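Undergrad: Okay, here's the structure, questions in a sec.
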Amino acid sequence: MAWRRLILTILIIAPFLWLLAYGFTRDSRYIKSPLLAKPASPFAVTLFDGRKITLNDLRGKAVFLNFWASWCPPCRAEARDLEVGWQKVKDKNMIFLGVALQDTEKDSRAFLEEFGITYPNGTDASGKMAVDFGVWGIPESFFIDPQGRITYKHVGGIKAQVAAAKLEEALKGIVSAQEGKGDYQSIH
């Protein structure tokens, strides 16, 4: 009787242990986001200029949402290029929104000044917004269509040319089949 319980216990527990062990071998960069084609989580960001911006405020526009930090090398590498991209689309029905994570306000403001960033930026001090979007590292970027659906996710540094192309697709409601990966990978 004791042997039966032991064998039954092993047969029940072993698959769970195998699944857990297998999960630890997977790199989250290669796990497709379940958020593509789904509504973006509602958010409210307090910008560094004191204004608040919510997802509802952005309805009707294509949104490039970029999570970053001043201490992140790939974030620094993409910063100037993203500002160039913003200058090209700012008069269209598109918006860039930067969200600083795990950073001090002083360092974030210095970063924005150093790179001449003019598009709206704020902070996710609590980390709730990053959790809602499934951010596991930085930089990570999300593209949201005018109806509020996530159309594309990019892990790692992104070029302005890619951002502009994906914003055009988002504006048209086109959902990408897969995520993008930058030359620089996310810091986690």
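Undergrad: About the Cα centre, and with charges only on the beta carbon of Lys, Arg (+1) and Asp, Glu (-1), how big is the dipole of region 40-124? Nearest 20 debye, please.
TA: Working: 11 positive and 12 negative charges, 73 e Å.
Result for region 40-124 is approximately 360 debye, rounded to the nearest 20.
Undergrad: Say the cut-off is 26 Å between C-alpha atoms; which of Lys38/Lys172; Lys90/Lys159; Lys38/Lys106; Lys61/Lys106; Lys52/Lys106; Lys38/Lys88 go over it?
TA: Values: Lys38/Lys172 15 Å; Lys90/Lys159 16 Å; Lys38/Lys106 34 Å; Lys61/Lys106 30 Å; Lys52/Lys106 19 Å; Lys38/Lys88 28 Å.
Distance filter (> 26 Å) returns Lys38/Lys106; Lys61/Lys106; Lys38/Lys88.
Undergrad: Next question. For Trp68, Trp136, Trp3, Trp86, what ranking results if the residue with the fewest other Cβ atoms within 10 Å of its Cβ goes first?
TA: Listing Trp68, Trp136, Trp3, Trp86 from fewest to most nearby Cβ atoms yields Trp3, Trp136, Trp86, Trp68.
Undergrad: Determine ³J(HN,Hα), in whole Hz, for all residues of region 123-137 in sequence, where each value follows from phi through the Karplus function 6.51 cos²θ - 1.76 cosθ + 1.60 and θ = phi - 60°; x replaces Gly and Pro.
TA: Residue by residue, region 123-137 yields 10, 10, 4, 7, x, 4, 4, 4, 5, 4, 8, x, 6, 10, x Hz.
Undergrad: Taking the alpha-carbon centroid of each part, what is the distance from region 46-111 to region 120-141 in angstrom?
TA: Taking the Cα centre of region 120-141 as reference, the centre of region 46-111 is 11 Å away.
Undergrad: What's the ranking of 116-123, 145-152 by average number of surrounding C-beta atoms within 10 Å, highest first?
TA: In decreasing order of mean packing, 116-123, 145-152 become 145-152, 116-123.
Undergrad: Would you mind ranking Lys90, Lys106 so that the residue whose beta carbon has the fewest other beta carbons within 10 Å leads the list?
TA: Lys106, Lys90
Undergrad: Express the relative contact order of region 32-181 as a whole percentage, based on alpha carbon pairs under 8 Å and six or more residues apart in sequence.
TA: Computed value for region 32-181: 34 percent relative contact order.
Computed from the coordinates by the stated procedures, all read-outs in this text should not be read as laboratory data. For clarity, every value in this text was computed on a predicted model and none was experimentally measured. Quick reminder, even Gly has a Cβ in these numbers, built from the backbone with ideal geometry, and neighbours come from all protein chains shown.
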